Amino acid sequence: MKVIHSTEQQEREYLHQILQKLEWALQQVDNSARQFSKEFRQNEEYLYDQRSGMDDADRVSAGQSFKRMAFHGESNLASKRRLNKLLESPYFGRIDFVRAGVSEPLPIYIGVHSFIDGTKETYPIYDWRAPIASMFYDFELGNAWYQTPAGEVKGTIELRRQYRIRKGTMEYMIENDMNIQDDVLQKELSQSSDDKMKNIVATIQRDQNVIIRNETSRVLIIQGVAGSGKTSIAIHRIAFLLYRFRDDIASKNILIISPNKVFADYISNVLPELGESQIPELGIDELADDLLDNKFQFQTFLQQVFAILNKTDDKSIERIRFKSSSEFIRQLNQYLVHLENNLFVAPSIQVGRVLVPSAFIEERFKTFHRIPLLNRIPNVISEVQAHVRTLLQRKLNGHEKTQIYKALSGALGNVSLLNLYREFYTWLGRADLFRMNNNVLEYADVFPLIYCKMRLEEVRPYQEVKHLVIDEMQDYTPIQYAVLARLFSCKKTILGDASQSINAYSSSSAEEIEKIFPHADVVKLFRSYRSTYEITRFTQRISPNPDLVAVERHGPEPEVKEFQPIEDEEEEIKELVSRFRNSSHRTLGIICKTLSQAKSLSEILKSKDVSLLTPRARPSAKAL
């Protein structure tokens, strides 16, 4: 079989040709943009001069023309972004595919975007999400196939290569006759990383690719050990879905929810590296504030964690544990059924010569069972007024309408959402399980209150969201998942690791989440790529995970140092930062147990130009 660009030197020459074509294409886009800008200004000037003589039809036509020009301008800008990205790294992989019944191989170069130079029917570069590119991940040398709208295309893969191209320069080329495995991944991970997560498209393993390209699961739960690539999988999955269903779903239709807004920002900002726009993201506390209409003050998730770390209170722990259990949801649902059956006490109403019996009002109230309990009274009032009007055979006067309104508006008693939620614990016989300090709700009460609000008052669902990504799944409780299930009827990708919970008293496993989403597909990832073998072995001694499989990538043994007095520890950290400044490393993380400790150390290291990373801050300096 004849191999096109068989040697590394020929590959480098081919790369040079591709870069020239990309530069030419970029120049054409720039020329088009300049021409467009010139025409736009000319049209503006013409319309300004002719504005007095234009009729309605002329104005409509002018508006449509400007819309077309604006669309053309946006398209040019998007093309320029894609071409600039390809000029940095045009492609990362190649397979030579010989289609059944054809003798000549088709070289398929795979990159972040597709590129066609206008002279051929085939693409010099294929987007990694394209069906034909899936063979790069799914098959070794030999028989292979891919799906198209017209059906399955069969053939054989005769060659497989992987490249590392940065700033238009090929750093290395690897050729192997098997599916890309850990040796390539190790080489990728051994390089110094950027501030953002490395784009690991080129090293996605077959099992990861199956998860990324899953189109059918309504709810996909990814349970992965630390460093298993679950976050990368989720990011690539979003990019793939946006590509695959680009006619039905846009970036604005995907929402990322994270317990930590900083990490949600991080995920959202990586997506542009894969050729997609930023994705909306929302911290779980922000979501809670929105759902409660900013009417309640409450402890945040991190404040709860810090409170536990600073001072362990057995009563507080008991409250958190109970409200983080599936049993809590069961009992709360029983209480809501109790309210449904007992809160409304139907009165009998005498309006002139007409008596409206309580049984009739009770029956009317129950017909509105699809409307939240506290929102039904206006409907019942309308029903009773219509009933009385029919019996009297005339319109009701103002006094009669007021009489009916007053009798029914008080039938639920003087209730409020918060009081009804507080009464739940009295109903349980455990009034001690509810505490408010200075009118501030404990975090464990926030989502139970929201759940009650959804059942009793109604909350508007997020219909515009067509795919929900829930990160750090272990840090949400069953009641939070019950709220999210009601809020978002769309498909969901849920990912995390039960062993990485920040708050051990309120964590959820994949099995517990399945109880809320019984039809979910669960995928478990046990191979850890991120840490060296030495780090993994060290952590396994602290918190063993018998399922974890470590990649054989070696590095220094972790050190445990003890300092007395505290000043010696501070001097050691200062020295560590100085050594980092003179090293080739890109980032340094100094992790403290509590926020107060982090703030104190940040003050001590102020002269070292470090950044304090808080829930509201983003990293900006080289050392963190």
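Amide H contacts of Q297 (H built 1.01 Å from N, in plane; Pro and chain starts excluded): L441 sit under 5 Å, all sequence-distant by 5 or more or on other chains.
Taking R0 as 30 Å, what's the FRET efficiency between K561 and E23 from their Cβ-Cβ distance, rounded to 0.05? Write out the running numbers ahead of the final one.
Numbers: r = 53 Å, r/R0 = 1.75.
With R0 = 30 Å, the Cβ-Cβ based efficiency is 0.05.
Give, in nm to one decimal, the length gained when the segment between N414 and A250 is fully stretched (0.36 nm per residue of separation minus the Cα-Cα distance). Walk me through the numbers on the way to the answer.
Values: separation 164, 0.36 × 164 = 59.04 nm, distance 4.55 nm.
Extending this stretch completely gives an extra 54.5 nm.
What is the gain in length, in nm to one decimal, between Q334 and S489 on full extension, counting 0.36 nm per residue of separation less the C-alpha to C-alpha distance? Let's see the in-between values first.
Details: separation 155, 0.36 × 155 = 55.80 nm, distance 2.38 nm.
Extra length available between Q334 and S489 comes to 53.4 nm.
Okay, which of segment 302-322 sit inside 17 Å, backbone N to the point 7 Å along the Cα-Cβ direction of D432? Taking a point 7 Å out along Cα→Cβ of D432, the residues of segment 302-322 whose backbone N falls under 17 Å are 313-322. With coordinates expressed along the principal axes, the C-alpha atoms belonging to segment 344-409 extend over 31, 20, 18 Å, beginning with the largest. Using the Cβ-Cβ distance between H16 and E458 with R0 set to 56 Å, the FRET efficiency works out to roughly 0.35.
So the label point goes 7 Å from the Cα of T402 along Cα→C-beta, right? Which residues of segment 339-360 then have their backbone N under 17 Å from it? Label zone hits: 350-352.
Grab the Cα-Cα distance for T390 and M173, subtract it from 0.36 nm times how many residues apart they are, and report the gain in nm with one decimal. Present the calculation step by step, with values, prior to reporting the outcome.
On the way: separation 217, 0.36 × 217 = 78.12 nm, distance 8.60 nm.
Additional length available on full extension: 69.5 nm.
If R₀ is 30 angstrom, what is the calculated FRET efficiency for the pair S583 and F306, using the beta carbon separation as r and rounding to 0.05? E between S583 and F306, to the nearest 0.05, is 0.40.
FYI, it's all coordinate maths here, none of it is from the lab. Owing to the predicted nature of the structure, the values given are computational and were not obtained by experimental measurement. Methodologically, a virtual Cβ is constructed for each residue, glycine included, from the backbone with ideal geometry; neighbour enumeration extends over all protein chains shown.
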